[in-house]
Amino acid sequence: MPREDKTEAATPRRRQEARRRGQVARSIEVNTAMVLFAGLVALSAWGTSSFSQLFIFTQGILARSAAMELNESQLGSISWAILVEVARVAGPVILACALAGLLSNIAQLGFLVTLEPLIPRLDRLNPANGLARLFSPRAGMELVKSVAKVAIVGYIGYSTLRQELPRLVMASGMDNGSIIALIRGLSLRLGFRVIPALAVLAAVDYIFQRREFEANLRMTKQEVKEEFRQMEGDPVLRSRIRARQRQIAMHRMMQDVPKADVVVTNPTHLAVALKYDSKTMNAPRVVAKGARLIAERIKAIAREHNIPVVENPPLAQALYKAVDIGKEIPPHLYKAVAEILAYVFYLNKRAAR
């Protein structure tokens, strides 16, 4: 369906399904910038001493290798020693880069683990889909990013090396420690000059990825309606179910009217049936209520079963508004209801005598 028809924002269910499939807004440039920054910070903190020790270690290995009888066991021990030394030197830098990459992903996506993107899909083998992706806005953005990164890094590298060219020429007469310090300082200056430009590129790319993601998630009005039907059911069926539920509730309520002790009316618009049993109830309870035709039906059933019908408009209105069916009356209505029940109980006892 054409994108111009997708005018509705994505629903929460659509977003949840996209996230489950691994479709999220994520910028690789943000990861690159953060990893590079963390690596440079770690290199500036541990670089000089660590690489000096690595250089001394390498010199020692090369010096001993001339007088060493090389065999399988010697080569194995030397290889293991070199591996341990390199891990000790490069370990903090690698760990800082890995942690920065993890935090970058969490900052953009939150905690998300899904294997959905790894599932093979035949539509990816379709040449037409491949050509569409090749000439899509995303592909154009990736091309612009690549050219921009090459241009930025190339220009900054050229300008930095041009400024440091005299010192590089004189490096041939320096000792090993000075050469290592020179290379470290040059690498750090180059890196920290590149970082701001990559940060700007990462921000632009993240905004583009977010907008592209939101555009791909947009839905048509028909899709929103279909999703609503799937989640809530067909509207016609729902209305029928609700009507049936009202009928059942009405029938049950009318069956409870003969159990009431009194019906309070207003006198033609409202009717509220009350029941009170001091052994099982803390307060009188509303067993039925209704307005207009339902009120007339409640009063008719009450008269059929000789239940007193008392006209008290203020009390009927208060009970109708404040108390749901099956609930006890609130304390501020105790006195008014108690007077009516006392009168009704008096009439019942008198009639019994």
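Summary of values
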quantity	calculated
Test: residue in region 146-161 that is surrounded by fewer than 11 Cβ atoms within 10 Å (Cβ to Cβ), assigned to a helix (DSSP H, G or I) and at pLDDT below 80	no
Residue list for region 300-336, restricted to those being within 20 Å of Arg246 (Cβ to Cβ) and not acidic (Asp, Glu)	Ala300, Ile301, Tyr320, Lys321, Val323, Ile325, Gly326, Lys327
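The values are calculated or read from the model by the stated rules, or taken from the named source; none is laboratory data. Quick caveat: nothing in here was measured; it's all calculated off a predicted structure. Using ideal geometry, Cβ is built from the backbone for each residue, glycine included, and neighbour counts are taken over all protein chains shown.
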